[in-house]
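Below: one structure, written as structure tokens.
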Amino acid sequence: MIPERIKALVLPLAALLALEIWARGVHLQSDSLAPPSAIALALGAAFGDGAILSATRDTLASAFTGLLLGGAIGLGFGIALGVFQTLDRLMEVTIEAIRPVPSIALLPIALIALGFGYRMEIVIVAFACVWPVLILSRAAVREVEPRLIEVSRALRLSPADRVYKIIIPAALPRIFVAFRLAAGIALIVAVTVEIAINPIGLGAAIMAAQQGLQPDLMLALLLWIGVIGYGLNAGLNLAQRRLFGRAALVRDPA
Amino acid sequence: MMRPAVYWRFASFAVAAGFVGLWQLISNLRLVSPVFLPGPDRAWASLVRGFTSGDLGAKLIGTLEHMAYGWFLASVAGIALGAMIGSSRVMRSYVAPSLEFLRPLPVSAIIPVAIALFGLTQGMALFVIAFGAIWPMLLATVHGFAAVEPRLYEVSRSLQMPRLAVIFKIALPSAAPDILAGMRLSLTVALILSVVCEILAGLDGLGHSVLLSARAFRSADLFAGVILLGVIGYLTSVAMSFAEARILRYRHRD
């Protein structure tokens, strides 16, 4: 029997090898494709002169600032709406009217209000991150074990204490899940904004490589963006298992 | 029992109307420069003007076409590929890990590659939208097929059903809820990528038109376009829930 880990590597390695042999066989001269060896060299060179590191820093800084901002807003509203059912019912139409606006549609508005740069990107990322955190933390707060709420009533905790001492600790695993999903969205939105219009970060770097007809650098950046996406996802999954174990085993809402 | 729900709905609409009133007040008092924030009256007037005498209808149809073609292509390809991979244990162990690696890739990062391959064309937009929208459906189909009750497969084996019959009669109906949830998620992705492709390639659609409005500082037209994009997002998601409820009705019959 071949171990599963090896089976997993067969397809990507075969594809890389096939591309390399084909590119060498036809002496590829292309504006859109490059052999894997050239891509690896381009990636090495981009690391060597530090360009890729500063672009990565720009992208991640915008994504995480937006995530923190949007996540904080989403969490605040999510807890408030989960605790006060009346408020939730009153805000329902307003939230359902704003939520479906695709985050990227805000791009032109952010562009004229804030211009190019970090600020407009952070605002768009924050808008995109508010909703998953709001919806999931609202659900998490609502599903806190009712007996815990009864205990807090019996202890006559003030509303603020009830939130800090009972609700947040009880809902924390699911709130972490919400932030994990929002982190993935933050990276996607940041890269998308950079590709569409904002001249900073990895998205702008990959667009520049395409326009400069450097397919090896372009594909190297694509690979690097994939590695960052995978690493972020894997790291947060690991953190979730370590911190919360089975407590966070809830179905990811699609 | 219906009464209170209706009242709450009404109150909720009243709150939303209150927010629109507040927006009108802010723009009337010019607390924010009208260059950035038009009042709801001006946005509405621009919306009406765009549909009666302008080309907003044509832009709307352009965006809907990009979204629909890409999403449809992704649905067919995603479910077919997912069925192929999911129904065979060998394919699952060789191909599924590569798919899981690609999953967290911010899909917009392939836009430069698509531009290099296809140029700034409709074909590029179709490829990008389909590539982005395929993931939720593909992975939902693979997972749905893997999660089919094993005894059903045993039954099919003892009945000596051909593989296609197993797929259509057992696996697809059993995986339908996962697949439909994936299709709903893909709709949002398709809308976002349509807007990004229109912005980048200047294709006829709302994405391009809102960007032009922003560049010309025509904020009323800009807001009209963004509101319309929100309406598309809302209506497609409502239509999808409706279709989901209809298709899955057989599951709740007992």
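So, in the stretch B:1-30, exactly how many residues are of a type in the set (S, T, N, Q) and out of contact with any Gly (no Cβ under 6 Å at 6 or more places or on another chain)?
Going through the stretch B:1-30 one residue at a time, the tally reaches 2.
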Inset, instruction - Please list, ordered by first then second residue, the pairs with beta carbon atoms under 6 Å, 6 or more apart or interchain, first in the stretch A:9-32 and at the interface with chain B (Cβ under 8 Å from one of its Cβ atoms), second exposed (fewer than 13 other Cβ atoms within 10 Å of the Cβ). - result: A:Asp31/A:Leu213
Inset, instruction - For the stretch A:1-56, enumerate the residues that are of a type in the set (Asp, Glu) and within 28 Å of A:Ala205 (Cβ to Cβ). - result: A:Glu20, A:Asp31, A:Asp49
Inset, instruction - Grab the helices (runs of 4 or more DSSP H) fully contained in the stretch A:87-166, keeping just those with 2 or more residues being without any contact (Cβ under 8 Å) to a residue 24 or more places away in the chain. - result: A:107-114, A:146-154
Inset, instruction - Quick one: which residue in B:Thr63, B:Thr52 is of a type in the set (Val, Ile, Thr), within 14 Å of chain A (Cβ to nearest Cβ) and within 30 Å of A:Ala113 (Cβ to Cβ)? - result: B:Thr63
Inset, instruction - Filter the helices (runs of 4 or more DSSP H) completely within the stretch B:113-189 down to those with at least 1 residues that are closer than 30 Å to A:Gly212 by Cβ and β-branched (Val, Ile, Thr). - result: B:122-146
Legend entry - Residue tally, condition touching a Gly at 6+ places or on another chain (Cβ under 6 Å), small (Gly, Ala, Ser) and within 13 Å of chain A (Cβ to nearest Cβ), over the stretch B:128-150: 1
Inset, instruction - For the stretch A:216-224, state whether one or more residues are surrounded by 24 or more Cβ atoms within 10 Å (Cβ to Cβ) and more than 9 Å from chain B (Cβ to nearest Cβ). - result: yes
Legend entry - Filtered residue count, the stretch B:190-212, keeping only those that are touching a Pro at 6+ places or on another chain (Cβ under 7 Å) and surrounded by fewer than 24 Cβ atoms within 10 Å (Cβ to Cβ): 1
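Listed residues B:Leu22, B:Leu37, B:Leu31; which is loosely packed, with under 13 Cβ neighbours inside 10 Å and not in a helix (DSSP H, G or I)?
The match here is B:Leu31.
Being in contact with a Cys (Cβ under 6 Å, 6 or more places away or on another chain), assigned to a helix (DSSP H, G or I) and more than 9 Å from every other protein chain (Cβ to nearest Cβ) narrows it down to one residue among A:Leu67, A:Leu75; which is it? Even if it seems obvious, please write down each step before you answer.
Working: A:Leu75 fails: in contact with a Cys (Cβ under 6 Å, 6 or more places away or on another chain).
So the residue among A:Leu67, A:Leu75 that is in contact with a Cys (Cβ under 6 Å, 6 or more places away or on another chain), assigned to a helix (DSSP H, G or I) and more than 9 Å from every other protein chain (Cβ to nearest Cβ) is A:Leu67.
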Inset, instruction - All but one of (1) at pLDDT below 90; (2) under 29 Å from A:Ile135 (Cα atoms) hold for A:Gly48, so report the exception by its number. - result: (2)
Inset, instruction - Would you be able to tell me the number of residues in the stretch A:14-43 that are assigned to a helix (DSSP H, G or I) and surrounded by 11 or more Cβ atoms within 10 Å (Cβ to Cβ)? - result: 19
Legend entry - Subset of the stretch B:168-179 [touching a residue at least 40 places away in the same chain (Cβ under 8 Å) and surrounded by 21 or more Cβ atoms within 10 Å (Cβ to Cβ)]: B:Ala171, B:Ala175, B:Ile179
Inset, instruction - Taking the options B:Ala116, B:Ala96, B:Ala125, name whichever one is within 9 Å of chain A (Cβ to nearest Cβ) and more than 24 Å from B:Arg163 (Cα to Cα). - result: B:Ala116
Legend entry - Residue list for the stretch B:69-108, restricted to those being of a type in the set (A, V, I, L, M, F, W, C) and in contact (Cβ under 8 Å) with a residue 12 or more places away in the chain: B:Trp71, B:Leu73, B:Ala74, B:Ala77, B:Ile79, B:Leu81, B:Ala83, B:Ile85, B:Ala96, B:Leu99, B:Leu102, B:Val107
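The values are calculated or read from the model by the stated rules, or taken from the named source; none is laboratory data. Predicted model only: the values in this text are computed from it and were never measured. Every residue, glycine among them, receives a Cβ derived from its backbone with ideal geometry; neighbour counts consider all protein chains shown.
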